[in-house]
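The values are calculated or read from the model by the stated rules, or taken from the named source; none is laboratory data. Remember, predicted model here, so these are calculated numbers, not experimental data. Don't worry about glycine lacking a Cβ; one is built from the backbone with ideal geometry, like all the others, and counts go over all protein chains shown.
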Amino acid sequence: MDFYGDMNRVLITDDVDSQCVDMLIANGFSVEKDIKLAKQPQEQLIKRVQEVDILIVRSATKVTSGVIEGSPRLKLIGRAGTGTDNIDTEAATRHGILVMNTPGGNTLSAAEHTCALICSLARNIPSACASLKSGAWQRAEFTGEELNGKTLAIIGLGKIGREVAKRMQSFNMKTIGYDPLINAEQSLGLGIEFFQLKNLWPLADYITIHVPLMEETHHLINNEVLSLCKRTVKIINVARGGIIDEKSLFDALNSGQCGGAALDVFEEEPPTDLKLIQHPLVICTPHLGASTYEAQKRVAIDLAQQIIDFKQGHALSGVVNGSAVTSQYAQCNRPILLLCKRLGQIIGSSSISTPTQISLSFNHTVSNHLFQALEIYFSYGYLHEKGNKRVNFVNARHLFEVKIRKMDPYDDMNRVLITNDVDSQCVDMLIANGFSELDILIVRIATKVTNAVIKASPRLKLIGRVGTGADSIDTEAATRHGILVMNTPGGNTLSATIGYDQLLTAEQSHYITGHVPFIEGTHYLINDEVLSLCKRGVKLINVARSGIIDEKALLNALNSGQSSPHLGVSTREAQKRVAIDLAQQITDFKQEHSLIGVVNGSAITSQFAQDTVSNHLFEALSIYFSYGYLHEKGNKRVNFVNARHLFEVKMDMLVDTKTRIK
């Protein structure tokens, strides 16, 4: 942070709203604005940038590696907008310069512009307008099509893609989409049916693109993709030029494979080859996606506030290339970050030659984002100790090129044993995600996982219960041995509900139905005494667990017959659902996406969320404290599942009147 503490002089080279200037000056920055520099030779730009700490641009100024290398004083480049493809971010990172953008400021304007272009394509509005202005009256030539019932494919389901979906759904368009960062369930929650790209292309009547331009998305729409699409598909691009191969698009328009295109962005801006934009089936605008008064004011204010907050040490947002700096603002990360920096210093001071590989081992799950920050802190510590004067928290990982490997206690959790009849999709999903057998035990109700089984299984890391209850598992013994117990609490819900309907008739009027786990407090909850208090003729339904009803007492009350069978989850759908749920939970945990369904791992679960100091979080804090104490005392068995059981000292949460932990 010291490196950025003396940032003061700012140069703005594009037409950024004046509120950005006003806010920066009001907070003590010295600001110059010269928008002519965007069109002047690079040498002129370098000469001016050499004198400043912060450079603010929109899309017109090209911040090349030459500009960055020629500006040793520069510490931060701010982009008033979303895309940073006009900035050489890799060069900035090598030189320790933060690159910051305002990812949310343009969202609504870009989404609305996309929707306007879709409507214009459907109804031939620009062509019809131009024709009428020329004096012609040609209604038949400009007959369009309704959007109602058409399929819109959205590539990229970030903020803009979601806003487009929301608006076009009101036209009764069917929205389908793809995004590598979200799953089918999340997509469905947005009203968007998720497809992999190869399956999506043939379904779309309209395709709109909302992804950044990078190596993986360059010429994403090309000859091959267009050949897979419906004939007369229509393409819209308000994202970045270069995502569409313009030559392929031109050929598809001429052949009739593509029925129209609406383009706001181009591979070369402004375009010098006008062949594509003059095509009669192309609607084009000169990069106007973010060109609204509201968006320009919003991104200017957002960027100024981000720079002010960073300078004053309040927060850091919108940073493209500074995960380690960003991570400093999460206070819970600071101790482990500083520890990694110190480890780097120790290795740097004690090693004569540069190591070929560093392995960092953790006793709990570390997210990929945090590990990236830890790598940077280690690298910084090492290089700083070796006397490198250029190193900071932005360029440290680029300067220290040694491979750093994360060793996680669950990394080698690959082997699975399934002991009951679990739906085959559970097996298929686990195999597809690289699991084999024997680190994980998966059971249903029939297998009794006793203390003896757990003690005899030193390699076991996780027990998965396909279903809701975990009473067939000695959870306390599992916790003592540091083994996670996981179940699928939601998978049986529908089948259990349907189960009641099979037991009820319209003539029945008074019922008792139980939906509690089988624990000490619910054992024989329905007994002789309870039944004697009930209305005569009461009907009992149990789709939870045996043992909640005292069957002897029930038989006495019935005077004949026996209790209804446990039918609640005995449907093919429920068994498939719980099998898929458990496989997905195990896969997500292994791949560090999320952790759900854990019965005995509150400390690990809490790593996946930030929270106030609730009772649940306090339980996790007490586990972390216990782990720290026992680990320091040399206990080799301790982990975040069994720590609280091994450290038996009582802990209380003391809260003052302002609800702060003392």
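Condition first: buried (at least 20 other Cβ atoms within 10 Å of the Cβ), farther than 14 Å from Asn148 by Cα and among the small types (Gly, Ala, Ser). Now tell me which residues in the range 164-208 satisfy that.
Gly177, Ser187
Search the range 17-36 for residues being among the aliphatic types (A, V, I, L, M) and at pLDDT 95 or above, and hand back the single one that is farthest from Asn86 (Cα to Cα).
Residues of the range 17-36 that are among the aliphatic types (A, V, I, L, M), as a first pass: 21, 23-26, 31, 35.
Checking the rest, the ones that are also at pLDDT 95 or above come to 21, 23-26, 31.
Details: Val21: 22, Met23: 25, Leu24: 23, Ile25: 26, Ala26: 29, Val31: 22 Å.
Only one residue fits best here, namely Ala26.
Suppose the filter is buried (at least 21 other Cβ atoms within 10 Å of the Cβ), without any contact (Cβ under 8 Å) to a residue 40 or more places away in the chain and either under 24 Å from the mean Cα position of the chain (by Cα) or assigned to a helix (DSSP H, G or I) (or both); does Ile68 pass it?
Details: buried (at least 21 other Cβ atoms within 10 Å of the Cβ): yes; without any contact (Cβ under 8 Å) to a residue 40 or more places away in the chain: yes; either under 24 Å from the mean Cα position of the chain (by Cα) or assigned to a helix (DSSP H, G or I) (or both): yes.
Taking the combined requirement at face value, the residue satisfies it.
Can you tell me how many residues in the range 164-196 are part of a helix (DSSP H, G or I) and out of contact with any Cys (no Cβ under 9 Å at 6 or more places or on another chain)?
Let us first name the residues in the range 164-196 that are part of a helix (DSSP H, G or I), namely 164-169, 184-189.
Right, trim to out of contact with any Cys (no Cβ under 9 Å at 6 or more places or on another chain) and you get 165-166, 169, 184-189.
Qualifying residue count, the range 164-196: 9.
Taking Lys247, is it closer than 20 Å to Met168 by Cβ and not assigned by TED's automatic domain parsing to the domain that holds Thr82?
Values: closer than 20 Å to Met168 by Cβ: no; not assigned by TED's automatic domain parsing to the domain that holds Thr82: yes.
No, not satisfied.
Hey, can you tell me all the residues within the range 371-403 that are crowded, with 21+ Cβ neighbours inside 10 Å, modelled with pLDDT of 80 or more and either assigned by TED's automatic domain parsing to the domain that holds His95 or among the β-branched types (Val, Ile, Thr) (or both)?
Ile376, Val391
Report, by residue number, each residue of the range 67-106 that is aliphatic (A, V, I, L, M) and within 18 Å of Asn395 (Cα to Cα). Outline the logic, then answer.
So in the range 67-106, the residues aliphatic (A, V, I, L, M) come out as 67-68, 74, 76-77, 80, 87, 91-92, 97-100.
Hits for the range 67-106 are Val67, Ile68, Leu74, Leu76, Ile77, Ile87, Ala91, Ala92, Ile97, Leu98, Val99, Met100.
Just a yes or no: is a residue in the range 3-14 of a type in the set (Gly, Ala, Ser), modelled with pLDDT of 95 or more, closer than 21 Å to Ile308 by Cβ and assigned to a helix (DSSP H, G or I)?
Filtering the range 3-14 down to residues of a type in the set (Gly, Ala, Ser) leaves 5.
Subsequent filtering for residues that are modelled with pLDDT of 95 or more retains none.
No, the range 3-14 has no match at all.
Yes or no: Val57 under 34 Å from the mean Cα position of the chain (by Cα), at pLDDT 95 or above and under 27 Å from Ile243 (Cα atoms)?
Details: under 34 Å from the mean Cα position of the chain (by Cα): yes; at pLDDT 95 or above: yes; under 27 Å from Ile243 (Cα atoms): yes.
Here the answer is yes, as Val57 does meet what is asked.
Applying the selection to the range 441-459, what residues are in contact with a helix residue (DSSP H, G or I) (Cβ under 7 Å, 6 or more places away or on another chain) and either part of a strand (DSSP E or B) or crowded, with 22+ Cβ neighbours inside 10 Å (or both)?
Within the range 441-459, Ile442, Ile454 meet the criteria.
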